[in-house]
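Right, one structure below, let's go through it.
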Protein chains: 4
Amino acid sequence: MNLNLIGKKNHEENKIIQIGNLKIGSGKAIVIAGPCSIENEQQIDAAANIVKKLGGHILRGGAFKPRTSPYSFQGLGEEGLRLLKEAGEKYGLPVVSEVMDTRDVEMVSKYVDILQIGSRNMQNFSLLKEVGRTQKPILLKRGMTATIEDWLMAAEYIAYEGNEDIILCERGVRTFETYTRNTLDLAAVPIIKNLSKLPIIVDPSHGTGRKELIRPMTKASLAAGADGVMIEIHPNPCEALSDGEQSLNFEEFHILMKEINH
Amino acid sequence: MNLNLIGKKNHEENKIIQIGNLKIGSGKAIVIAGPCSIENEQQIDAAANIVKKLGGHILRGGAFKPRTSPYSFQGLGEEGLRLLKEAGEKYGLPVVSEVMDTRDVEMVSKYVDILQIGSRNMQNFSLLKEVGRTQKPILLKRGMTATIEDWLMAAEYIAYEGNEDIILCERGVRTFETYTRNTLDLAAVPIIKNLSKLPIIVDPSHGTGRKELIRPMTKASLAAGADGVMIEIHPNPCEALSDGEQSLNFEEFHILMKEINH
Amino acid sequence: MNLNLIGKKNHEENKIIQIGNLKIGSGKAIVIAGPCSIENEQQIDAAANIVKKLGGHILRGGAFKPRTSPYSFQGLGEEGLRLLKEAGEKYGLPVVSEVMDTRDVEMVSKYVDILQIGSRNMQNFSLLKEVGRTQKPILLKRGMTATIEDWLMAAEYIAYEGNEDIILCERGVRTFETYTRNTLDLAAVPIIKNLSKLPIIVDPSHGTGRKELIRPMTKASLAAGADGVMIEIHPNPCEALSDGEQSLNFEEFHILMKEINH
Amino acid sequence: MNLNLIGKKNHEENKIIQIGNLKIGSGKAIVIAGPCSIENEQQIDAAANIVKKLGGHILRGGAFKPRTSPYSFQGLGEEGLRLLKEAGEKYGLPVVSEVMDTRDVEMVSKYVDILQIGSRNMQNFSLLKEVGRTQKPILLKRGMTATIEDWLMAAEYIAYEGNEDIILCERGVRTFETYTRNTLDLAAVPIIKNLSKLPIIVDPSHGTGRKELIRPMTKASLAAGADGVMIEIHPNPCEALSDGEQSLNFEEFHILMKEINH
């Protein structure tokens, strides 16, 4: 592995990514939370409110959704980003959202504090290069079938274009197991810490696909050394336009936040 | 699976894709061959010459290469496409090459007869939509970890934008087996034939990653009902800038062509 | 890989396993067929009759069934073996059946011409050693998650005890794909032929788990160089006590046999 | 899933398995430690001494080793079990060792407090039935490619024969990732807790195959709710006859024990 830029060299300190006053990778775990998809103003406002109130650090919400089927809800697009930015500003939370197209990078960058590259685009090298030319921190999700090496090399692509503010996100890999949506590979956390100076967070929502597993896997992620977690929450998961079965309602999110902050 | 557009309805005939006089999906297997990467004029000319001479039907060659590492050869870009088009015209062969960026679709379309979507971009939905708006046939490679359903839904995305001229290409999936680069899933051939009206070809070069397996797996692919194969060849595989270990030299390609045309 | 005994050394000929007049590995493909489980005398007699009539070579039938659940039908045991042997003798067909317990090896050997080691026991090393001490040919199925190396080393265990009459059987590996029961890895056929002197056959019934795929995958197996196939058939698949959905009825078996013998 | 015997019914309490004064599944995590293989008296004595001294609860050591190759060290057999029993008695530690053959169950039972079923035998149904007829607690490791359902059904086989004292052990599954020996599936811990009343422990040594990952994955396992861990230790891992690269030396084990008992 040629990790010239993101690799861990002797005695080098880990990279801390700063967004306003928030530091990612500093030893204190952060919580990113929000709905899978931004659906309307009330929904994203309610989510932002609860994230702030319970001590979460960053608001997430999808505006461009990579859906398996063209007949599924594809997201609100730029209008969603506008709603996300407003909610973030209202509650004083930085925001993160996914960008899927090289042509949208500049536009999405106007609305978000962190640009997310989704699993399905982890080896969309044109997109990696394009976000590598921005000044925004990048949240790089692991591909469903990406080895540790593939994933780190994808981060190296971004760094190679000049942007080393990269946060890695473990979100499960595809295996034969069907009980969970993916198999969350928590050993990736200490491995990344050993091989790279970049921070790593875990997404137990996509990593398991089952809401009852989010709490124990959040605790396990932090015990393994993760710099944070990303959690899907929704005011009413049963009516969510995407990923309801893996979203916590606000009461469940409250219990989770109490447990990790006890 | 909602396969409104590409699914096989009762008594519907299979789709035949016509490029000049060449018919894909008509019952007669086609051979696409050429180098992994276009390296220079002599190389692509020599490849085109041998493809034509031995009865191959389409010339392939990569100009934009999705490489795991940013430090690997990334392809010649538009200059490569120009060389490919020239070689194709000189020998009377349609040409196919990969497009990786939504912004390049229009430009690449000027040079090629078939637009290829690579495995790593199989769920790059922006790119699928963009090529779906062209008039060119699309060669859609299966993602490394894509289920049959994911793959067919990706084709449906293209069709949904108006372009139903799609050729599916099985190229192996990722498994625990390390002896081969991928595990070629030949059962995909009859499955696709049952579920969809689209033609399907097989790429035994990427599907195995080992040149000694290309010949038996080509024969197996055709026996399973594939509409053709895509083979990597190179005048001097040992000096290839990419994928040399899975490329046939011209002598080996000659033997293969004799066997499948006997 | 230390394949002292079963590896392919320079210029060494492939091993031919002889059972009466039948030669396995001689270049002529053989067909093993019969029901998943032996259920009663009429069923196994009918199966033996059709196997013989249509030119099949060996009769299969399970008497000890490795079932995921203890509440599923576990097979008729020794009584089943007796019925199998009778049917084989009546129609002049050698018979094969699975042995699951070291303590049963001697008893099962009295009834069958070939001892089968099932996928779930491929690394049951005690059992491998025990069958290695018999004089019977062994049919060694690949484990669901066994690499080529694991599998060949399991064969080496048998040979190490003195028995080199081993027939390998590819039957699919476990992957993320759920459309098929397993992913049939046909590249294993030429790989085994390159690395080992042992014959290899393919089981498309377990390898796909879907009856409509058996015919194309049988043809693909033989085109890839397999020494034979093993097919599940049943007089009435819908009423089979196990694996009905992947068993051919006699009419379907007839069509298959015509196609491969045309 | 028909989990009549080991499933979690409404309001039923979790099963606590008692061995002498030690309770497994009671809420207090236990530590099983010892060498992969018992090599000689000094080695197992030294291991037992350190396990006791540092507060470990159970001594492990393999006497019958399931090795991929017949040319690898196969274990000391009954002599190894005698050494294990002596060391356990000397230091007041219960002992666990693997049984691989139905014919050995009675003999192994004389030496150990817990009978281990290894991953490769998880679906050796004859062996499951045989240990199900003993009075000893069973440590049932998950198969390399076993789904949660396969694994629980294997436990149900044991219970069906009358023995419900079963401890499940997650030890990683086989995936495409090659950086680690296996992919440790920690989500299995809360899943098993939800579906079954049985205790579950984790083996981070086999689960990762890399000693530097054992400490973080032990902490993650306990945070996920595991009832204990099983750790490989060796006085001199570099000279171990098996699995040295994943064994902790005594100093490293000391650090681990301090961290989990802080």
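The values are calculated or read from the model by the stated rules, or taken from the named source; none is laboratory data. This structure is a prediction, so every number in the text was calculated from the model and none was measured. Glycine also receives a Cβ, built like all others from the backbone with ideal geometry; neighbour counts cover every protein chain displayed. Keep in mind that these areas ignore ligands, DNA and RNA; they rest on the heavy atoms of the full protein, side chains included. Shrake-Rupley method; radii C 1.70, N 1.55, O 1.52, S 1.80 Å.
Results for (1) open to solvent by 20 Å² or more (accessible area, probe 1.4 Å); (2) free of Cβ contacts under 8 Å to residues at least 12 places away in the same chain; (3) over 18 Å from A:S72 (Cα atoms), shown as yes or no for each residue.
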{"position": "B:D104", "(1), (2), (3)": "yes, no, yes"}
{"position": "B:G118", "(1), (2), (3)": "no, no, yes"}
{"position": "B:M122", "(1), (2), (3)": "no, no, no"}
{"position": "B:G143", "(1), (2), (3)": "no, no, yes"}
{"position": "B:D150", "(1), (2), (3)": "no, no, no"}
{"position": "B:E164", "(1), (2), (3)": "yes, no, yes"}
{"position": "B:I167", "(1), (2), (3)": "no, no, yes"}
Just one of B:T145, B:T218, B:T134 is more than 12 Å from chain A (Cβ to nearest Cβ) and outside any helix (DSSP H, G or I); which is it?
B:T134
Kindly provide the set of residues from the stretch B:243-262 that are open to solvent by 50 Å² or more (accessible area, probe 1.4 Å) and at pLDDT below 95, ordered by number.
B:E245, B:E259, B:N261, B:H262
Please verify whether the stretch A:57-74 includes one or more residues that are more than 30 Å from B:E130 (Cβ to Cβ), free of Cβ contacts under 8 Å to residues at least 12 places away in the same chain and more than 14 Å from chain B (Cβ to nearest Cβ).
no
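For the stretch C:1-24, indicate whether the set of residues that are over 27 Å from C:M217 (Cβ atoms), open to solvent by less than 30 Å² (accessible area, probe 1.4 Å), part of a strand (DSSP E or B) and within 14 Å of chain D (Cβ to nearest Cβ) is non-empty.
yes
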Does D:K90 satisfy the condition of being at pLDDT 95 or above and within 18 Å of the chain's Cα centre (by Cα)?
no
Taking the stretch B:179-188 as the search range and keeping residues that are facing another protein chain (nearest Cβ under 7 Å) and among the aliphatic types (A, V, I, L, M), which one is surrounded by the most Cβ atoms within 10 Å (Cβ to Cβ)?
B:L186
Does A:M100 satisfy the condition of being closer than 29 Å to B:D104 by Cβ, in contact (Cβ under 8 Å) with a residue 24 or more places away in the chain, of a type outside the set (K, R) and surrounded by 20 or more Cβ atoms within 10 Å (Cβ to Cβ)?
yes
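Mind counting the residues in the stretch D:25-53 that are hydrophobic (A, V, I, L, M, F, W, C) and outside any strand (DSSP E or B)?
Within the stretch D:25-53, the subset hydrophobic (A, V, I, L, M, F, W, C) is D:29-33, D:36, D:38, D:44, D:46-48, D:50-51.
Subsequent filtering for residues that are outside any strand (DSSP E or B) retains D:29, D:36, D:38, D:44, D:46-48, D:50-51.
So the answer is 9.
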Give the stretch B:189-215 a look and list any residue that's within 9 Å of chain C (Cβ to nearest Cβ), under 17 Å from B:K28 (Cα atoms) and within 15 Å of the chain's Cα centre (by Cα), or say none.
B:V189
Only listed residue being under 16 Å from the mean Cα position of the chain (by Cα), within 14 Å of chain D (Cβ to nearest Cβ) and closer than 30 Å to D:I158 by Cα, chosen from C:V99, C:V112, C:V105
C:V99
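Determine, yes or no, whether A:M144 is of a type in the set (A, V, I, L, M) and in contact with a helix residue (DSSP H, G or I) (Cβ under 8 Å, 6 or more places away or on another chain).
yes
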By residue number, the members of the stretch A:158-217 that are in contact with a Gly (Cβ under 8 Å, 6 or more places away or on another chain) and among the acidic types (D, E) are A:E161, A:E170, A:D185, A:D203
Name the residue, out of C:E232, C:E245, that is among the charged types (D, E, K, R) and assigned to a strand (DSSP E or B).
C:E232
Over the stretch D:79-105, the set of residues closer than 27 Å to D:K23 by Cβ, part of a helix (DSSP H, G or I) and charged (D, E, K, R) is D:K85, D:E86, D:E89, D:K90
Which numbered condition in (1) within 19 Å of B:G34 (Cα to Cα); (2) within 12 Å of chain A (Cβ to nearest Cβ) is the only one that B:F176 fails?
(1)
Consider B:I192 carefully, then state whether it is part of a helix (DSSP H, G or I), open to solvent by less than 10 Å² (accessible area, probe 1.4 Å) and within 30 Å of C:I214 (Cβ to Cβ).
yes
Which condition from (1) on the phi > 0 side of the Ramachandran plot; (2) part of a helix (DSSP H, G or I) is the one that B:A159 breaks?
(1)
Give just the number: which of (1) more than 19 Å from B:P190 (Cβ to Cβ); (2) within 12 Å of chain D (Cβ to nearest Cβ) does C:I167 not satisfy?
(2)
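Look through the stretch C:54-66, keep the residues that are assigned to a loop (DSSP other than H, G, I, E, B) and either at pLDDT 95 or above or in contact with a strand residue (DSSP E or B) (Cβ under 7 Å, 6 or more places away or on another chain) (or both), and return whichever of them is surrounded by the most Cβ atoms within 10 Å (Cβ to Cβ). Outline the logic, then answer.
Here is the first cut: in the stretch C:54-66, the residues assigned to a loop (DSSP other than H, G, I, E, B) are C:54-57, C:61, C:63-66.
Now drop any that are not either at pLDDT 95 or above or in contact with a strand residue (DSSP E or B) (Cβ under 7 Å, 6 or more places away or on another chain) (or both), which leaves C:54-57, C:61, C:63-65.
Values: C:L54: 17, C:G55: 11, C:G56: 24, C:H57: 20, C:G61: 30, C:A63: 26, C:F64: 23, C:K65: 22.
Restricting to residues being assigned to a loop (DSSP other than H, G, I, E, B) and either at pLDDT 95 or above or in contact with a strand residue (DSSP E or B) (Cβ under 7 Å, 6 or more places away or on another chain) (or both), the top hit is C:G61.
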